[in-house]
Amino acid sequence: MSQDNPEPPSPVLLPAQLQMVGEWERLADSVGFPRSYARIYGFLFVSKKPVTAQDCVDALKISRSSAGQGLRHLRELGAIRPHFELGHRAEAFTIEPDLGVLINSVLRGKLLPAFETFFANMEALEANLDPARENFAINRIGKLKRWRTKVWRIKRWLLR
């Protein structure tokens, strides 16, 4: 590269920033979310400026495809949003500052539909059980009906 157009320095994370990224990873791990996506989200969280896929590669020492896939997934979740700057060709991103948007997106996009499918399948299974021989299973499924009501309340609350 010429001296007229030097390559920008590789982003280096400070110890406090590394700790914050690590906390995002631990949170993700505890709720079953991919750690690699949490690492990218954590990096965007601690970044003062919009972040490109190459910034993620340089700072997090991950592959370009991992960075692109993670950014795409986070964008689909609504956790990050594109940032356009005149004169810059690389697509950059910033976090969605409202954490409620991310939580709502995860609940609506994955968790609630998964529960709805689960409850419907359990109800269909219950319809085919013989009460004389499978009373225990029927009682267990009956307990799930209370949980279904609770999940519906959460869904109604989210949709308002």
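In table form, for the structure just shown:
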| read-out | value |
| --- | --- |
| Axial C-alpha extent at least 15 Å, average Kyte-Doolittle at least 0.5 - helices from the chain (DSSP) | 35-46, 112-127 |
| Mean projection area, nm², convex hull over Cα of the range 100-159 | 4.1 nm² |
| Residues Trp24, Trp152 arranged by fewest to most Cβ contacts within 10 Å | Trp152, Trp24 |
| FRET efficiency, Leu99 to Leu158 (Cβ-Cβ, R0 22 Å, nearest 0.05) | 0.95 |
| Shape of the range 15-96, Cα gyration tensor, a/c cut at 1.5 | prolate |
| Top of Asp58, Asp130, Asp29 by mean-square fluctuation, Gaussian network on the chain, Cα under 10 Å | Asp130 |
| In the range 70-104, the GluC sites (Glu not before Pro) that fall in loop regions by DSSP, at most 11 other Cβ within 10 Å | Glu85 |
| Candidates Leu60, Leu86, Leu71, ranked by Gaussian network fluctuation over the chain, Cα under 10 Å, top entry | Leu86 |
| Neighbour-count order for Arg160, Arg133, fewest beta carbons within 10 angstrom listed first | Arg160, Arg133 |
| 222 nm mean residue ellipticity, helices alone, for the chain (DSSP H n ≥ 4; -39,500 (n - 2.57); rounded to 500) | -20000 deg cm²/dmol |
| Convex hull of the range 53-112 built on C-alpha atoms - directionally averaged projected area, nm² | 4.7 nm² |
| Inter-label distance for Val12 and Gln54, nm, one decimal - labels placed 7 Å from Cα along Cα-to-Cβ | 2.0 nm |
| Measure of compaction for the chain (Cα Rg per 2.2 N^0.38 Å) | 1.46 |
| For the chain, with +1 on Lys and Arg beta carbons and -1 on Asp and Glu, the positive-most of Gly78, Gly142, Leu44 along the dipole | Gly142 |
| Likely footprinting exposure, Ile154, Ile141, Ile80, fewest C-beta neighbours within 10 Å first | Ile154, Ile141, Ile80 |
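Each value in this text was obtained by applying a stated rule to the coordinates, not by laboratory testing. Keep in mind that this is a model prediction, so the values were computed, not measured. We place every Cβ from the backbone using ideal geometry, glycine too, and count neighbours over all the protein chains shown.
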